[in-house]
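Remarks on the structure that follows.
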Amino acid sequence: MISAGILFAFVTMLAWGIADVFAKKAIEKTGEMKPLLYGQIVWTVPIIIYAAAFLQIPLISLEIFALGAISGFLTIAAYLSFYKGMKKGDLAIVNPITGSFLLITTLLGMIFFQESLKFHHTIAIALIFVGAFLASADLKRIKLKIVPGVPEAVFAMLGFGVGLFIIKFVTVATGAIISFLILRLVGLFILLAYSSLSRIDIKLPSGNVLGYITLVGILDAIGQLGLHWPRRFSDTS
């Protein structure tokens, strides 16, 4: 029988995979900042309304909020790097490398909590490493050459992986919705500050681009919630 944790993970994978396709289309027309900023806004506002109307906001300690802020910073930095990677390189290369961030989270769990892996988990990790190497290298040349977009994808993988490991503590303390909002609000603040300091145009796009961004925001939020919600399910084998 498929566990709830695996089911949520599948939903996350599917939602993010589709979102990346639309994000790539938007990035090619406007650059990385507008799709990222407005994609974050699209679904954050409804979640804020839902939380204010139906949830009892818990008392958040300074330590938990600090962890949420750190995770939010790492996550939004990873998103920005991922989007830059998609702008420079092919989605078929950048996406699989970035999507290996769960490997980083798993390794951190092994280091800090002595979590053990089953044999098939070990094989999966080895395949991820091999796949990331094959995707990132131009094997047609005698000297390996890093493919465009790969450095950004690797940075995004590390940022997402560490950020997810940290946000787990926030999710356990506050619940999936609140930890999601902390991530999003911190990320939005950082994006607005970055665009202001860098004088990047963030005027709302129109037409097909706005439609792409809206879909990205909705699908990304579904993926985020699918990743946070199953914290109570421990069987991921």
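The values are calculated or read from the model by the stated rules, or taken from the named source; none is laboratory data. None of these values were measured; they are calculated from a predicted model. Every residue, glycine as well, gets a Cβ built from its backbone with ideal geometry; the counts of neighbours run over all protein chains shown. Quick note on the areas: whole protein, heavy atoms, side chains included, nothing else; ligands and nucleic acids left out. Shrake-Rupley method; radii C 1.70, N 1.55, O 1.52, S 1.80 Å.
Here the extension length gained between A51 and I202 equals 51.6 nm, from 0.36 nm per residue of separation less the Cα-Cα distance. A 25 angstrom limit on the alpha carbon distance is what I want to check against. Which of K25/K168; K88/K168; K25/K203; K84/K203 exceed it? Beyond 25 Å: K25/K168; K88/K168.
I'd like the accessible area for K29, computed on protein heavy atoms only with a 1.4 Å probe and all protein chains in place. Round to 10 Å², please. Ignoring ligands and nucleic acids, K29 comes out at about 140 Å². The stretch between I111 and I18, if pulled fully straight at 0.36 nm per residue, gains 30.2 nm over its current Cα-Cα span.
The listed residues L59, L80, once ranked by accessible area (1.4 Å probe) with the largest placed first, stand as L59, L80. Label positions at A66 and A92, each projected 7 Å from the Cα along the C-beta direction, are separated by 4.7 nm. Of the whole protein surface, K203 contributes about 150 Å² of accessible area at a 1.4 Å probe radius. The slack in the chain from L185 to E28, taken as 0.36 nm per residue of separation less the alpha-carbon distance, amounts to 53.9 nm.
At the residue level, F73 shows approximately 110 square angstrom of accessible surface with a 1.4 angstrom probe and all protein chains present.
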